[in-house]
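The values are calculated or read from the model by the stated rules, or taken from the named source; none is laboratory data. Computed from a predicted model, the values in this text were never measured in an experiment. No Cβ is skipped: glycine too gets one built from the backbone with ideal geometry, and neighbour counts run over all protein chains shown. Accessible surface areas use protein heavy atoms only, side chains included; no ligands, DNA or RNA. Shrake-Rupley method; radii C 1.70, N 1.55, O 1.52, S 1.80 Å.
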Amino acid sequence: MKIGMLTSGGDCQGLNAALRGVAKALYNGLGNKVRLYGIRDGYRGLIEGDYHEMCERDFSDILTVGGTILGTSRQPFKEMRKAEGDSEETRLEKMLKTIKTAGFDCLVILGGNGTHKTANLLAQHGVNVVTLPKTIDNDLWGTEVTFGFQSAVDIATTVIDSIHSTAFSHSRVFIVEVMGHKAGWLTLYAGIASGADIIVIPEIPYSIKAIAQAIEKREKSGKRFSILAVAEGAISKEEAEMSKKERKALREQLPYPSVSYRIADELKALTGQEIRVTIPGHYQRGGAPCPADRLLTSRLGAAAAELIRDGRFGNMVAVQNNRIVPVPLSEVAGKLKTVPPDSDIVQAARDLGLSMGD
Ligand code: F6P
């Protein structure tokens with residue numbers, strides 16, 4: 001059985017651990033009946049026929065290694081049906097050709113939202129596909145948790161933990177901008193875990209006045225500092241009323257490199273406080289997976305291998321009620337799992353006295 005493996009989209013902790021999990025379980029279950037191939041840089045390698053045969057040794061000692069040994073790239077789903085350059089062929093046709101030429105019986109695809117749309121497209125064109133849910137954003141439909149998320153929560157939490165001492169010493173307001181354009185899971189979890197005072201996520205549009213009031217309330221009660229965890233995709237209540245195009249045009253006119261700097265400026269004007277912005281950025285995606293992600297990727301890898309052995313293709317391995325289950329790709333593709341504003345975790349944050357910026 002010839003199996004091609006690829007990692008696609010933004011990298012994160014646990015990609016190598018997941019590749020290792022799948023490979024170990026396949027070699028263990030199928031022995032020398034299995035031949036594994038690494039496809040380089042995600043769908044780019046599939047489009048360009050860039051792949052190489054791998055052996056058991058390639059998957060040793062990578063459990064704790066960050067990034068992906070296969071490389072990755074972002075290949076937008078909307079480009080897949082377009083012909084490229086002088087070529088008559090679309091990217092989809094090129095991928096199907098590579099799969100046929102290589103003689104792959106199955107593809108193992110590790111990725112997030114965009115990746116799953118293309119994986120589903122391949123499945124619709126008769127390719128045997130099994131996928132694993134990867135992203136620090138935790139915004140993939142059909143699974144309670146994606147790998148990479150818990151490691152990123154650890155990092156963002158550590159950053160906010162460390163900011164506390166400087167915020168206290170200088171009596172300052174600090175904004176820590178956490179990754180997540182569309183979904184606020186990472187900001188919400190890290191914000192609660194680190195004891196942030198105000199949490200701003202894309203799903204709950206913020207009012208700058210409400211944030212200023214929350215800061216003033218803390219000041220009046222004798223608190224020396226306030227810490228805001230702000231998702232990079234945070235939007236104001238006014239922006240929430242606009243179309244995506246209008247919002248983009250507004251943002252382009254503003255002089256701020258990101259939403260946190262805008263919030264900082266507006267809060268300075270309203271509160272007169274000294275405000276600093278910290279952006280951990282891609283640091284949140286790097287380094288070794290935390291133990292929870294090592295465990296998760298190992299379980300997901302073993303489950304993916306079992307699906308392949310049983311010929312149950314067209315599925316993503318997912319976590320539901322702390323069990324690993326297959327979920328059809330057609331149910332996952334194109335859907336985003338965002339934070340429900342009325343979820344118990346948001347309510348818990350409010351019950352603890354945190355402001356959600358609204
Ligand atoms: O999807 C993961 C993620 O890290 C998001 O949180 C972030 O908005 C985006 O990727 C950044 O993308 P890039 O690495 O391409 O700049």
query = Would you say VAL325 is at pLDDT 95 or above, among the aliphatic types (A, V, I, L, M) and within 25 Å of LEU228 (Cα to Cα)?
reply = no
query = Name the residues in region 289-298 that are more than 16 Å from the ligand (Cβ to nearest atom) and buried (at least 17 other Cβ atoms within 10 Å of the Cβ), would you?
reply = CYS290, ARG294, LEU296, THR297, SER298
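Give me a count of the residues in region 259-279 that are of a type in the set (A, V, I, L, M) and either free of Cβ contacts under 8 Å to residues at least 60 places away in the same chain or in a loop (DSSP other than H, G, I, E, B) (or both). Talk me through it step by step, then tell me what you get.
Keep residues of region 259-279 that are of a type in the set (A, V, I, L, M), which gives 259, 263-264, 267, 269-270, 275, 277, 279.
If we keep only those that are either free of Cβ contacts under 8 Å to residues at least 60 places away in the same chain or in a loop (DSSP other than H, G, I, E, B) (or both) as well, we get 269, 279.
Going through region 259-279 one residue at a time, the tally reaches 2.
Residue by residue, here is whether (1) at pLDDT 95 or above; (2) loosely packed, with under 14 Cβ neighbours inside 10 Å; (3) in a helix (DSSP H, G or I) holds:
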{"residue": "GLY85", "(1), (2), (3)": "no, yes, no"}
{"residue": "MET95", "(1), (2), (3)": "yes, no, yes"}
{"residue": "ILE99", "(1), (2), (3)": "yes, no, yes"}
{"residue": "ILE109", "(1), (2), (3)": "yes, no, no"}
{"residue": "LYS117", "(1), (2), (3)": "yes, no, yes"}
{"residue": "ASN120", "(1), (2), (3)": "yes, no, yes"}
{"residue": "GLY126", "(1), (2), (3)": "yes, yes, no"}
{"residue": "ASP137", "(1), (2), (3)": "yes, no, no"}
request  = Mind counting the residues in region 249-281 that are among the hydrophobic types (A, V, I, L, M, F, W, C) and open to solvent by 60 Å² or more (accessible area, probe 1.4 Å)?
outcome  = 3
note = The residue that is farthest from THR115 (Cα to Cα), considering only those in region 19-50 that are within 16 Å of the ligand (Cβ to nearest atom) and assigned to a helix (DSSP H, G or I), is ARG44
query = What do you reckon, is GLU88 farther than 23 Å from LYS2 by Cα, assigned by TED's automatic domain parsing to the domain that holds THR297 and more than 27 Å from the chain's Cα centre (by Cα)?
reply = yes
query = How many of the residues in region 210-258 are without any contact (Cβ under 8 Å) to a residue 24 or more places away in the chain, closer than 19 Å to ILE199 by Cα and within 16 Å of the ligand (Cβ to nearest atom)?
reply = 0
task = Could you grab the pairs with beta carbons closer than 9 Å, sequence gap of 6+ or different chains, first residue in region 115-132 and at positive phi, second one open to solvent by 30 Å² or more (accessible area, probe 1.4 Å)?
result = GLY126/LEU96
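Can you pull out every residue in region 141-179 that is over 29 Å from GLU219 (Cα atoms) and within 16 Å of the ligand (Cβ to nearest atom)? Please lay out each step first, then the result.
Within region 141-179, the first condition is being over 29 Å from GLU219 (Cα atoms), and the residues that meet it are 141-152.
TRP141, THR143, VAL145, THR146, PHE147, GLY148, PHE149, GLN150, SER151, ALA152, listed by residue number.
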